[in-house]
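Have a look at the structure below before the remarks.
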Amino acid sequence: MFDLQSLGIEYGTLAMFVLLLGFLMTGMPLAFVTLLIALLFTLGWFGPMAVPLITSRVYSFVSSFVFVSVPMFVMMAAILDRSGIAKDLFEAMRLFGGRLKGGVAVQTIFVAVILAAMSGIIGGEIVLLGLLALPQMLRQGYDKNLAIGVVCAGGSLGTMVPPSIVLIIYGLTANVSIGDLFTASFLPGFMLAGFYVAYVLFRSYTGDNIAPPPHTEKIPNEEKIRLLKGLILPFLVVICVLGSIYGGIASVTEASAVGVAGVVASTIVRREFSLSMLKAASLQTLSTCGMIVWIGIGASALVGVFNLMGGIKFVSVLITGISDDPMIIILFMMLILFVLGMFLDWVGIALLTMPIFVPIIKQLGFDPVWFGVLFAMNMQVSFLSPPFGPAAFYLKSVAPPDITLGTIFKALVPFICLQVLAVAILIIFPGITGR
């Protein structure tokens, strides 16, 4: 067998990167690529006796108690996807957005924030908003680009608004408190949503044919009461999930189970619950979590091998040697994450880069919780960025045939700029996270 160790860590790192890129270009899933490369380098660098070291690292990742919260939050999103809760919530928000020019776009963003606070899953939100809000905005004469951007950007807010799956995976990888991450991301998440609302209102009131005039007809009191009922159940679920975490009543894992119970109870109250719905939601949960677990296994194995090779120390020295200014190093890391976000899934990015980046962050004297929020904000950009921005593909699956992927990506440019602005503000003013 060829002795890879003779290459040295410099060429070993390069060989690993080239293999990773080469296999991904063949279309092989990231999880299997990382596992295959981990196995090749384990055997070639250390020999067969080192394989159990890699399996033990994988076991420590998948056996984490906090990881149980991931399928719970995915389950919440899957049940929401199949119930009428989101539709009633969207209708209820007419009470607040109806008198504004661009009101439907604004209420779409508010609904996106509430849905994000209920489940923290991105794909389901974009599909839901694409089915509920996009046709309504297009029918009312909204600018097509604005409507598309609002749905994709708003639907991606689940990355930032607790309980965010992105923050949970980061917390597991970086070994920091997920409760602290949720607390720190609360204000930045609302700040980003505020940027979207401000942009929508600015475009609506200053541009021609961007948004229709606001509704002036008065809503009868009976209709108001009916619409307000649509807010009760979603707000109760949000209060149960986030209130139990912030109130110190339950851990993140326990709160996720409370959330599932709350959403199931909501569907029972609404008389929408059925065994077929529960089965479909369970299958969707298994599919999504299976993907996350496999990527986690592959990335953990690869990072474990790389660490044993001395690669993490080598890359750390390489990155910290770029500049004596810690802020330049932070910006370089953000650039790496931004580029990776164009091509890789956020789960893979988190699990591959954070074991390298987080020790550097601690060494530079920065707060890993603040960096976690910064990472989540950066992943917001990756959801919208071409060529593989998942938000565009989620929306394309439910958008009218005349809306192409090119149209969607073009519409997302202003919102990507707003996200980059939010990243910059978080870097300049870390106190926004409360850290």
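The values are calculated or read from the model by the stated rules, or taken from the named source; none is laboratory data. Worth saying up front: this structure is predicted, and the values here are computed from it rather than measured. Neighbour counts run over all protein chains shown; Cβ positions are idealised from the backbone, glycine included. When the accessible area is computed, the model is the full protein with side chains, heavy atoms only, and any ligands, DNA or RNA have been set aside. Shrake-Rupley method; radii C 1.70, N 1.55, O 1.52, S 1.80 Å.
The aspartates and glutamates within cross-link reach of LYS279, meaning a Cα-to-Cα straight distance under 15 Å and a gap of 8 or more places when in the same chain, are ASP81.
Here the range 158-218 and the range 46-89 have alpha carbon centers that stand 24 Å from each other. Quick one: putting +1 on the C-beta of Lys and Arg, -1 on the C-beta of Asp and Glu, what dipole do you get for the range 177-295 around its Cα centre, in Debye to the nearest 20? With Lys and Arg at +1 and Asp and Glu at -1, about 280 debye.
Between rounded, prolate and oblate, where does the range 161-292 land on the alpha carbon gyration tensor, with a ≥ b ≥ c its root eigenvalues, rounded for a/c under 1.5, else prolate if a/b exceeds b/c? It is oblate, given that a/c is not under 1.5 and a/b is not larger than b/c.
Ordering 227-233, 270-276 by mean Cβ neighbour count within 10 Å, with the highest value first, yields 227-233, 270-276.
ILE408: net charge of surrounding residues, Cβ under 12 Å, Lys/Arg +1, Asp/Glu -1, itself excluded? Residues close to ILE408 contribute a combined charge of +2. When the Cα atoms of the range 14-97 are aligned to their principal axes, the ranges along those axes come out at 65, 32, 20 Å in descending order.
Does the chain come out rounded, prolate or oblate, given a ≥ b ≥ c as the square roots of the eigenvalues of its C-alpha gyration tensor, rounded meaning a/c under 1.5 and, failing that, prolate meaning a/b above b/c? Verdict is prolate for the chain. Seen against the Cα atoms of the chain and their longest principal axis, helix 51-62 is set at about 20 degrees.
Here the Gaussian network model covers the chain, with springs between Cα atoms less than 10 Å apart; of LYS218, LYS87, LYS410, LYS218 fluctuates the most. When you count the other C-beta atoms within 10 angstrom of each residue and take the mean per peptide, 365-378, 338-351 line up highest first as 365-378, 338-351.
Normalised per residue, the accessible area of the range 64-116 is 30 Å², obtained with a 1.4 Å probe and no contribution from ligands, DNA or RNA. Taking every alpha carbon pair in the range 251-318, what does the distance histogram look like in 10 angstrom bins from 0, in percent? In whole percents, the pair-distance histogram is 17, 27, 23, 17, 12, 5. Averaged over residues, the count of other Cβ atoms within 10 Å places the peptides 416-426, 48-58 in the sequence 416-426, 48-58, highest first.
Cross-link partners of LYS144 among lysines, defined as those whose alpha carbon lies under 25 angstrom from its own and excluding same-chain residues fewer than eight positions apart: LYS87, LYS101, LYS396, LYS410. Within the listed set TYR394, TYR11, TYR246, the residue fluctuating most in the Gaussian network model of the chain (springs between alpha-carbon atoms under 10 angstrom) is TYR11. Could you please state how large a percent of the accessible area of the range 128-264 is carbon and sulfur, counting protein chains only and using a 1.4 Å probe? After summing per-atom areas, the C and S share lands at 64 percent. Based on protein heavy atoms only, the range 148-306 ends up with 43 Å² per residue of surface accessible to a 1.4 Å probe.
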